[in-house]
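Below: one structure, written as structure tokens.
The values are calculated or read from the model by the stated rules, or taken from the named source; none is laboratory data. Computed from a predicted model, the values in this text were never measured in an experiment. Neighbour counts are summed over all protein chains in view; Cβ atoms, including those assigned to glycine, are modelled from backbone coordinates with ideal geometry. Please note that ligands, DNA and RNA were not included when accessible areas were found on the heavy atoms of the full protein model with its side chains. Shrake-Rupley method; radii C 1.70, N 1.55, O 1.52, S 1.80 Å.
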Amino acid sequence: NQLQHEALILEVAKLLRDDFHPAAVRWLWNPRQTGRKDEPDLRGLDAEGKIVVSAEVTTSENPQGTIDGRMARTLEKLSAMPGEKYYVVITTAMERRAKSKVNSLGFPVNILRLEARH
């Protein structure tokens, strides 16, 4: 799913740049899912270099088994990052589960669902 992950990060960067964070003037991404625990998939910085956006994306479709555990760890990791935080999913099931975790654990993370493009 590496290509889908990379494509989704690019789609999220465009959405966040155009609709949510036009002040972010520089975007950094980590498309290979191998970043350090303090690195999100996507980060937006303002003109002074301050981090204004941290985002993680997933192309997983069902929040079952190891995916559910990974979601919890990713949301926890993301909640500690600077800037406005986004967890981006592609299915309604993943959106519902992510929102449930964010609400029950009190994480300051926005959940966005983008339609999957196959």
(message) For a quick check of your reading of the model, give me the residue pairs whose first member lies in region 37-62 and is open to solvent by 60 Å² or more (accessible area, probe 1.4 Å), whose second is among the β-branched types (Val, Ile, Thr) and part of a loop (DSSP other than H, G, I, E, B), with beta-carbon atoms closer than 7 Å and at least 6 apart or on different chains.
(response) ALA47/VAL25; GLU61/ILE90; GLU61/THR91
(message) With the requirement that a residue be open to solvent by 30 Å² or more (accessible area, probe 1.4 Å) and assigned to a loop (DSSP other than H, G, I, E, B), what does region 92-118 give you?
(response) GLY106, PHE107, PRO108, GLU115, ALA116, ARG117, HIS118
(request) Please find, within region 63-78, the residue that is nearest to SER100 (Cα to Cα) out of those that are open to solvent by less than 80 Å² (accessible area, probe 1.4 Å) and in a loop (DSSP other than H, G, I, E, B). (result) PRO63
